[in-house]
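A.B. asks: Below is a structure I'd like to ask you about.
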Ligand SMILES: Nc1nc2c(c(=O)[nH]1)N[C@H]1C(S)=C(S)[C@@H](COP(=O)(O)OP(=O)(O)OC[C@H]3O[C@@H](n4cnc5c(=O)[nH]c(N)nc54)[C@H](O)[C@@H]3O)O[C@H]1N2
Ligand SMILES: Nc1nc2c(c(=O)[nH]1)N[C@H]1C(S)=C(S)[C@@H](COP(=O)(O)OP(=O)(O)OC[C@H]3O[C@@H](n4cnc5c(=O)[nH]c(N)nc54)[C@H](O)[C@@H]3O)O[C@H]1N2
Ligand code: SF4
Ligand SMILES: [Mo]
């Protein structure tokens, strides 16, 4: 049997055709009939089979008994999990339990829908997620400018004539906040139609190598580059003031701000010449259509929020926002933005983290504070943790400290199907079924895609007897917390499995009926319902992105806020930051700046147990410019010791002139050599964790996102 599904590993939403023989996968290939991905897939797609077959993937819950995991029944595990967390709350109050939601949460429709009610049932203010080691600045800019954290403008990749990519490497990552299967083909098409692609990155990446121009930038200094670009655009009157004023308030404030940032002032800090900065700005502003796009390289910084705001400001002021070929808003069939509006500025920082006083945003606190909240005694100390689809020991700054802190917890529950660096600390592990055993609809990524499409896939395999899907686990925990009922009672109320599975489908059906295509699709099609989606198993094309302003805005004013007070208020810190950066450049004494990278065959921290993906040359090496290597007395292939304020790791070095001198790069998601990890393939190629070097003290003070980019490190040969 061959069935179409959607790959749920990264954001690209590739359509796959999976051939099965009974309970086995026999082949996975790209689905040429998927209207969006048109047959594209990457090497990770076939690893879905390895994940499905992986003997280390848990199918039964585990309970820690006298320090060792033992398999137990679902009733025992679910009741222990809910009661263990509740007991801590009874003793110390609701905030004593923290929650952490990891990245795969948003790749699962069941978890996307059913994790929020569980977190709500726990009633804690100590909520964390991977957002604060990733896209948080995008939400801050979207909320303050457009009135909703999910109103993120997406590059109109298929029509733009000029794409500037800052701090993203979509040829390795397959695109982020820019869902676009086969980015390589789409970038090639820009150049084929006479357009240009420009990359700004401290590494000459795979993407930079297929671009028209690439410029090195000193990590963490993008904010200065962007301010100078704004200066050039406004000083040279390359903006489209009438369009900007039609859409936005506070445009005058931008002129005042930009005046202070001529390229000459910032050039030495960025490592880009004033001439190059001005050229990047002019080419962007003068192109017939253009999109300025920045991703994790600019959002995981000490000035992540201001930088992300400036990217949107530059798009707005040059008339690129909401225009074909620029950056546009999506019109998803299931709309996570919804019709509720008015995300007012007082919704930011409604509470603050206890120890460091960092602000809440979207109901969450920055995960860079989690370890200190566990370690620091006091009435609201975190004493228990629920993780869902997350591996914060490898994915958050100063992961080593968090690793030690987790060992101190009185109770920990992980909803996860691996015993890894994080979940090994849990008292109970509740494993959901794998991605091939659950239904799929991309509630989040359709809303971030370069084209409006919709696709539903029922589970490829029926979940085996005695297993539970993520939403069943999450709603069982919610009900237990709310009612104290036994799992058997909850189960009886849910009755048959078939009816239970309808729950996710029913919620989607309801959401479609409230969505923009409930009265018909573009070009006069019938209303879009679950029946439509079921009749089109390869997906439904809803056309290119269309102008959505002003009606898509959720601000109370009905206008864009070009210069939100919360963000503009951070500019004095940026000015201080420039002084610090200039000083650092002047006084550079063997300190190197560390950045991260992604590789095509790896997926954050959790796909290294696929033998197929980790075969071949090791990818967890330190990339270093030959000149820096020589200065540190190391040569290609040697083991080096990399040391930061918080820790050190030993890793082989790869010398390459694709690195900017003064900058070194390590991939993230490695470091499987810790004791307790039960991943038999990953532990044979453990690598080291970049987050044993990144510093939890380095955050963007405005929003608390981790300041990964440009962690100062020293490199020395390993002498043994
Ligand atoms: N193969 C693969 N694909 C993935 C993932 C994966 O782990 N593996 N993860 C997925 C996830 S969760 C996400 S969020 C996306 C992320 O997708 P991307 O944002 O494309 O992520 P990266 O490939 O890490 O690219 C970030 C780039 O920023 C550069 N950089 C670092 N610091 C700075 C800086 O200060 N300034 C500038 N200008 N550049 C800087 C780095 O050198 C790197 O080239 O990828 C997704 N796709
Ligand atoms: N230095 C540095 N650090 C980074 C980054 C970087 O570029 N540099 N990137 C950051 C980014 S963008 C992100 S998104 C984070 C990711 O960080 P996290 O979200 O914390 O971790 P992941 O590595 O995605 O691990 C996912 C976990 O979910 C489990 N899992 C997979 N699928 C499912 C499922 O369907 N259900 C459940 N319940 N569990 C599942 C896996 O077993 C694994 O334990 O890392 C961040 N950390
Ligand atoms: S690009 Fe992403 S969605 Fe497409 S096959 Fe690869 S991992 Fe899956
Ligand atoms: Mo991410």
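A.B. asks: If we scan region 128-151, do we find a residue that is assigned to a loop (DSSP other than H, G, I, E, B) and farther than 30 Å from residue 557 by Cβ?
C.D. replies: Let us first name the residues in region 128-151 that are assigned to a loop (DSSP other than H, G, I, E, B), namely 134-135, 147-151.
Imposing the further condition that a residue be farther than 30 Å from residue 557 by Cβ reduces the set to none.
Taking every residue of region 128-151 in turn, none turns out to be assigned to a loop (DSSP other than H, G, I, E, B) and farther than 30 Å from residue 557 by Cβ.
A.B. asks: Quick check on region 394-408: of everything there that is buried (at least 24 other Cβ atoms within 10 Å of the Cβ) and away from ligand 4 (no atom under 16 Å from the Cβ), which residue is farthest from residue 432 (Cα to Cα)? Show your work before the answer.
C.D. replies: Keep residues of region 394-408 that are buried (at least 24 other Cβ atoms within 10 Å of the Cβ), which gives 394-399, 402.
Those still in the list that are away from ligand 4 (no atom under 16 Å from the Cβ) too: 398, 402.
Details: 398: 28, 402: 25 Å.
Out of the qualifying residues, it is 398.
A.B. asks: Which of the following residues is within 25 Å of the chain's Cα centre (by Cα) and either away from ligand 4 (no atom under 16 Å from the Cβ) or not assigned by TED's automatic domain parsing to the domain that holds residue 99 (or both): 324, 288, 359?
C.D. replies: Working: 324 fails: within 25 Å of the chain's Cα centre (by Cα); 288 fails: within 25 Å of the chain's Cα centre (by Cα).
Going through 324, 288, 359 in turn, just one is within 25 Å of the chain's Cα centre (by Cα) and either away from ligand 4 (no atom under 16 Å from the Cβ) or not assigned by TED's automatic domain parsing to the domain that holds residue 99 (or both): 359.
A.B. asks: Here is a check on your reading of the model: is residue 141 outside the structural domain of residue 227 (by TED's automatic domain parsing), more than 16 Å from ligand 4 (Cβ to nearest atom), modelled with pLDDT of 95 or more and on the phi < 0 side of the Ramachandran plot?
C.D. replies: On the way: outside the structural domain of residue 227 (by TED's automatic domain parsing): yes; more than 16 Å from ligand 4 (Cβ to nearest atom): yes; modelled with pLDDT of 95 or more: yes; on the phi < 0 side of the Ramachandran plot: yes.
Answer is yes for this residue.
A.B. asks: Tally time: how many residues in region 423-465 are closer than 24 Å to residue 54 by Cβ and more than 16 Å from ligand 4 (Cβ to nearest atom)?
C.D. replies: 27
A.B. asks: Any idea which of 313, 355 is over 27 Å from residue 579 (Cβ atoms) and in contact with a helix residue (DSSP H, G or I) (Cβ under 7 Å, 6 or more places away or on another chain)?
C.D. replies: Values: 313 fails: over 27 Å from residue 579 (Cβ atoms).
It is 355.
A.B. asks: Could you check residue 468 against (1) more than 16 Å from ligand 1 (Cβ to nearest atom); (2) out of contact with any strand residue (DSSP E or B) (no Cβ under 8 Å at 6 or more places or on another chain) and say which number it fails?
C.D. replies: Going through (1) more than 16 Å from ligand 1 (Cβ to nearest atom); (2) out of contact with any strand residue (DSSP E or B) (no Cβ under 8 Å at 6 or more places or on another chain) one by one, residue 468 breaks only (2).
A.B. asks: Which residue, of 85, 62, 48, is crowded, with 19+ Cβ neighbours inside 10 Å, outside the structural domain of residue 413 (by TED's automatic domain parsing) and within 21 Å of residue 471 (Cα to Cα)? Steps first, please.
C.D. replies: Values: 85 fails: outside the structural domain of residue 413 (by TED's automatic domain parsing); 62 fails: outside the structural domain of residue 413 (by TED's automatic domain parsing).
That would be 48, the only listed residue that is crowded, with 19+ Cβ neighbours inside 10 Å, outside the structural domain of residue 413 (by TED's automatic domain parsing) and within 21 Å of residue 471 (Cα to Cα).
A.B. asks: Still on this structure, please answer the following. Out of 198, 223, report the one residue that is within 16 Å of ligand 1 (Cβ to nearest atom), closer than 25 Å to residue 265 by Cβ and not in a helix (DSSP H, G or I).
C.D. replies: On the way: 223 fails: not in a helix (DSSP H, G or I).
It is 198.
A.B. asks: Does residue 35 count as away from ligand 3 (no atom under 13 Å from the Cβ), under 22 Å from residue 444 (Cα atoms) and not assigned by TED's automatic domain parsing to the domain that holds residue 185? Before you say what the answer is, go through the steps one by one.
C.D. replies: Details: away from ligand 3 (no atom under 13 Å from the Cβ): yes; under 22 Å from residue 444 (Cα atoms): yes; not assigned by TED's automatic domain parsing to the domain that holds residue 185: yes.
Yes.
A.B. asks: Hey, another quick one. Sort through 125, 159 and tell me the only one that's away from ligand 1 (no atom under 16 Å from the Cβ), in the same structural domain as residue 382 (by TED's automatic domain parsing) and part of a loop (DSSP other than H, G, I, E, B). Give the steps one after another, and end with the answer.
C.D. replies: Details: 159 fails: in the same structural domain as residue 382 (by TED's automatic domain parsing).
It is 125.
A.B. asks: Follow-up question, since we're still on this one. Out of region 202-219, which residues are more than 16 Å from ligand 3 (Cβ to nearest atom), under 19 Å from residue 190 (Cβ atoms) and under 20 Å from the mean Cα position of the chain (by Cα)?
C.D. replies: Answer for region 202-219, where residues must be more than 16 Å from ligand 3 (Cβ to nearest atom), under 19 Å from residue 190 (Cβ atoms) and under 20 Å from the mean Cα position of the chain (by Cα): just 205.
A.B. asks: Inside region 598-632, can you point out the residues that are surrounded by 20 or more Cβ atoms within 10 Å (Cβ to Cβ) and assigned to a strand (DSSP E or B)?
C.D. replies: 622, 624, listed by residue number.
A.B. asks: Can I ask one more? Restricted to region 187-200, and to residues that are closer than 19 Å to residue 324 by Cβ and buried (at least 20 other Cβ atoms within 10 Å of the Cβ), which residue is nearest to ligand 4 (Cβ to nearest atom)? Quick ask: steps written out before the conclusion?
C.D. replies: Initial filter on region 187-200 (closer than 19 Å to residue 324 by Cβ): 187, 189-197.
Now narrow it down to the ones that are buried (at least 20 other Cβ atoms within 10 Å of the Cβ): 187, 190, 195, 197.
Values: 187: 21, 190: 24, 195: 27, 197: 22 Å.
The extreme case among them is 187.
A.B. asks: Checking residue 170 against (1) within 16 Å of ligand 1 (Cβ to nearest atom); (2) in contact with a strand residue (DSSP E or B) (Cβ under 7 Å, 6 or more places away or on another chain); (3) under 23 Å from residue 42 (Cα atoms), only one condition comes out false. Which one?
C.D. replies: Going through (1) within 16 Å of ligand 1 (Cβ to nearest atom); (2) in contact with a strand residue (DSSP E or B) (Cβ under 7 Å, 6 or more places away or on another chain); (3) under 23 Å from residue 42 (Cα atoms) one by one, residue 170 breaks only (2).
A.B. asks: Identify all residues within region 1-15 that are at pLDDT 95 or above and either more than 9 Å from ligand 3 (Cβ to nearest atom) or in a strand (DSSP E or B) (or both); write none if there are none. Can you show your working first?
C.D. replies: We begin by selecting, within region 1-15, every residue at pLDDT 95 or above; these are 2-15.
2, 3, 4, 5, 6, 15, listed by residue number.
A.B. asks: Identify all residues within region 135-148 that are within 16 Å of ligand 2 (Cβ to nearest atom) and surrounded by fewer than 24 Cβ atoms within 10 Å (Cβ to Cβ); write none if there are none.
C.D. replies: Across region 135-148, the qualifying residue is only 135.
A.B. asks: Let me ask something additional. Answer yes if at least one residue in region 474-494 is surrounded by 20 or more Cβ atoms within 10 Å (Cβ to Cβ) and part of a loop (DSSP other than H, G, I, E, B), and no otherwise.
C.D. replies: Within region 474-494 (the criterion being surrounded by 20 or more Cβ atoms within 10 Å (Cβ to Cβ) and part of a loop (DSSP other than H, G, I, E, B)), the answer is no, since none of the residues qualifies.
A.B. asks: Exactly one of these conditions fails for residue 141: (1) closer than 19 Å to residue 606 by Cβ; (2) within 16 Å of ligand 1 (Cβ to nearest atom). Give me its number.
C.D. replies: (1)
A.B. asks: What are the residues in region 643-678 that are under 26 Å from the mean Cα position of the chain (by Cα), within 16 Å of ligand 1 (Cβ to nearest atom) and not in a loop (DSSP other than H, G, I, E, B), if any?
C.D. replies: Residues satisfying the conditions are 659, 663, 664, 665, 666, 667.
The values are calculated or read from the model by the stated rules, or taken from the named source; none is laboratory data. This is a predicted model, so every value here is computed, not measured. Cβ atoms come from the backbone with ideal geometry, glycine included; neighbour counts cover every protein chain shown.
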